[in-house]
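Taking it in order: structure first as structure tokens, then the write-up.
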Amino acid sequence: MKIYCITHKPIKEIEKLGLIPAGVGESVFPNNYIIENSGDNIAYKNKHYSETSFHYWIWKNILPQKKDNDWFGTCQYRRYFVKKNFETDIDNSDGRQGYYNLNNNLENLKNMLQMDPSEEWNGFDVILCKPWSVGAKKIKIFKRGFKSLMKDPTILFDKKKQNIKLHFDMFHGFGNLDKAIDLLPVKDKKDFLNYVTTNTLLSGHCIFFSNNPKLIDKFYFDLFEWLFKCEKIFGFKNLIGYDTQRIYSFLTERYMPFWFEKYSKVKYWPWVYCDVTKIKN
């Protein structure tokens with residue numbers, strides 16, 4: 001199974017893990033890296049698209065070569081799918097999503113990685129990250145969700161209202177998700193709004209495994225058609241700071257699980273957070 005590990009800087013540990021290093025952004029990468037500024041690409045948008053710009057590269061340069069039942073996928077240099085037997089030891093509590101004690105050892109991570117298709121994936125089209133709660137502590141809602149509180153004070157106490165939409169409004173610009181949803185086609189607009197307002201769990205990070213290239217092609221077509229429309233209202237010039245600079249990646253992070261839930265059979269799978277540049281070789 002080919003797994004493309006997306007990174008914005010050269011990291012020797014990626015190769016040691018047996019992953020295919022995929023370089024994005026402005027760094028200079030070694031010759032053995034796949035680099036997104038080749039072929040059909042939107043590499044010049046990476047500052048605002050983050051890993052989503054590499055998904056465009058996969059769509060245009062890798063996907064046409066894929067055959068049915070040929071599993072492939074992506075991970076990031078800090079987030080990886082792991083074998084299911086490690087699931088019970090992964091901490092997904094607030095602020096520690098995906099944490100696992102690796103004892104500062106790269107070999108421990110390598111032994112955990114899901115490098116081959118699991119028999120449990122039979123009958124499924126897509127593997128996504130196991131979701132985690134987007135609920136926030138009250139003090140954080142006061143600080144970051146003041147505009148939302150003004151509209152509906154009950155969100156402070158009603159856990160069901162601490163949903164994906166509130167989370168986006170708090171951290172990526174109040175009202176921006178509403179503006180983006182308005183640009184979706186009719187077939188998805190109502191369903192996506194319902195998805196972000198009724199779900200308090202999010203499968204994010206924009207990583208996946210799949211053995212259905214035709215499905216992935218349809219997903220990428222819908223995704224980038226929508227994001228390119230969003231560019232007309234958000235642009236690039238005024239996207240500054242963590243909240244909005246990478247808004248197109250944050251939109252992808254919410255849209256990906258919605259789309260796959262609606263149009264395919266999804267299996268959620270355990271993952272870990274680990275910055276491999278900070279652990280021993």
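Every number in this text was worked out from the coordinates using simple rules, so none of it is lab data. All figures in this text were calculated on a predicted structure; none of them were measured in a lab. Cβ: placed from backbone, ideal geometry, glycine included. Neighbour counts: every protein chain shown.
Values as computed for the structure displayed
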| read-out | value |
| --- | --- |
| Inter-label distance, nm, simple model (7 Å from Cα along the C-beta direction), K267/D191 | 2.3 nm |
| Degrees between helix 247-263 axis and first principal axis of the chain (Cα, 0 to 90, nearest 10) | 80 degrees |
| Euclidean distance of C-alpha centroids, region 220-259 and region 158-213, integer Å | 12 Å |
| Segment N37-D178, extension gain: residue separation times 0.36 nm, minus the distance between their alpha carbons | 47.6 nm |
| Nitroxide proxy distance, nm - points 7 Å out along Cα→Cβ at K67 and N105 | 4.0 nm |
| Antiparallel bridges, percent of DSSP beta bridges restricted to the chain (to nearest 5) | 45 percent |
| On Cα atoms only, tilt of 213-234 relative to the major axis of the chain in degrees | 50 degrees |
| Choice from M150, M256, M170 showing the highest fluctuation, given a GNM over the chain with Cα pairs closer than 10 Å | M150 |
| 0 to 90° range, to nearest 10: angle between helix 186-198 axis and the chain longest Cα axis | 80 degrees |
| Lysines with Cα under 26 Å of K151, excluding same-chain neighbours fewer than 8 positions away | K137, K138, K140, K143, K159, K160, K161, K165, K179, K189, K190 |
| Computed P(r) (all Cα pairs; region 163-281; 10 Å bins; percent) | 11, 43, 33, 12, 2, 0 |
| Neighbour cut-off at most 10 other Cβ (10 Å), DSSP loop, trypsin sites (Lys or Arg not before Pro), region 66-109 | K67 |
| Relative contact order (percent, whole number), region 1-110, Cα cutoff 8 Å, 6+ residue spacing | 24 percent |
| Normalised contact order of the chain, rounded percent, pairs of Cα under 8 Å and 6 or more residues apart | 29 percent |
| GNM flexibility winner over the chain from D40, D125, D158 (Cα, springs under 10 Å) | D158 |
| Share, in percent, of DSSP beta bridges within region 1-100 that are antiparallel, nearest 5 | 15 percent |
| Qualifying aspartates and glutamates (Cα of each under 19 Å from Cα of K218; at least 8 residues distant if same chain) | D40, E51, D68, D70, D125, D188, D191, E253, E261 |
| Theoretical ellipticity at 222 nm over the chain - DSSP helices of four or more residues, -39500 (n - 2.57) apiece, nearest 500 | -10500 deg cm²/dmol |
| GNM result for the chain, Cα springs below 10 Å: residue of I139, I35, I181 fluctuating most strongly | I139 |
| Given charges at Cβ of Lys, Arg, Asp, Glu: region 60-103 dipole, positive-most of L63, N101, T74 | L63 |
